[in-house]
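Asks: Input: one structure, supplied below.
Derivation of every value follows stated rules applied to the coordinates shown; laboratory data play no part. Predicted model, so just to flag it, every value in this text is computed and none were measured. FYI the Cβ positions are ideal-geometry reconstructions off the backbone, even for glycines, and counts take in every protein chain you see.
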């Protein structure tokens, strides 16, 4: 056990020594890896924040039933009874035109302008929630509501939410594709770095094989090099994403003040950060493994 630990300790020290021998080249490689990983990581953070913001928006499956301008109180009562009798509706609430005007003017900051209007331009409305959100049920409800007397318009508020969900799903697919492409690029960067190291240490590898060193022993320091290189690159990517969130926060605060919102950007959490570090380290290890394996096979075929 002690021998095994000593071998791994020596491999790690050898790796760090190799990085220290060419600090400028190592830094450029690490930053290249960090920038490559920061792109999908940054997109993931933005998408995660967008998903959280979307989750704080009003209910996605509500529909608004606008009444005619000439609707009387009796029409409101009759429509209430008809809406309550619909089995496909889970909930409903009445919004008088005066309440709607007050809410709109408060949200837009135009209370004084609304008070000077000669007539309330908004109609009475009902906010209804379907019991099911599938497209067929919603379409059937819209048709039934539009046929009711005193109803002028039915607006399905769920459509914008469906579009938002589709855009978020598209964003997730783009992140997956970008992560795969840049992951392959990271493997190639690590493999090329390892290949250059093998070339410079070719004589050392030859001597090691002549004295009976196994492929596992020869491969070990290079695998540590790739894993450590990927891990540090992942840490740089985490720093870039976190710095981006910090730089954007003042602008978000300004928007919150202007639009009376409470949007907050969240950086990578602990679990996501650990996944980023593990993913980067694994890609670096994989690139080193492929490069060393091909080189060792080539050396063996030459003998």
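Asks: Label points 7 Å out from Cα along the Cβ direction at residue 152 and residue 206: separation in nm?
Replies: Roughly 9.1 nm, to one decimal.
Asks: State the extension gain, in nm to one decimal, for the chain segment bounded by residue 216 and residue 294, taking 0.36 nm per residue of separation less the distance between their alpha-carbons.
Replies: Working: separation 78, 0.36 × 78 = 28.08 nm, distance 1.35 nm.
Gain on stretching residue 216 to residue 294: 26.7 nm.
Asks: With r as the distance between the Cβ atoms of residue 252 and residue 94 and R0 = 35 Å, compute the FRET efficiency 1/(1 + (r/R0)^6) and round to 0.05.
Replies: Calculated transfer efficiency: 0.45.
Asks: Shifting gears a bit: With r as the distance between the Cβ atoms of residue 142 and residue 32 and R0 = 45 Å, compute the FRET efficiency 1/(1 + (r/R0)^6) and round to 0.05. If you can, show how the numbers build up before the last one.
Replies: On the way: r = 54 Å, r/R0 = 1.19.
The computed FRET efficiency comes out at 0.25.
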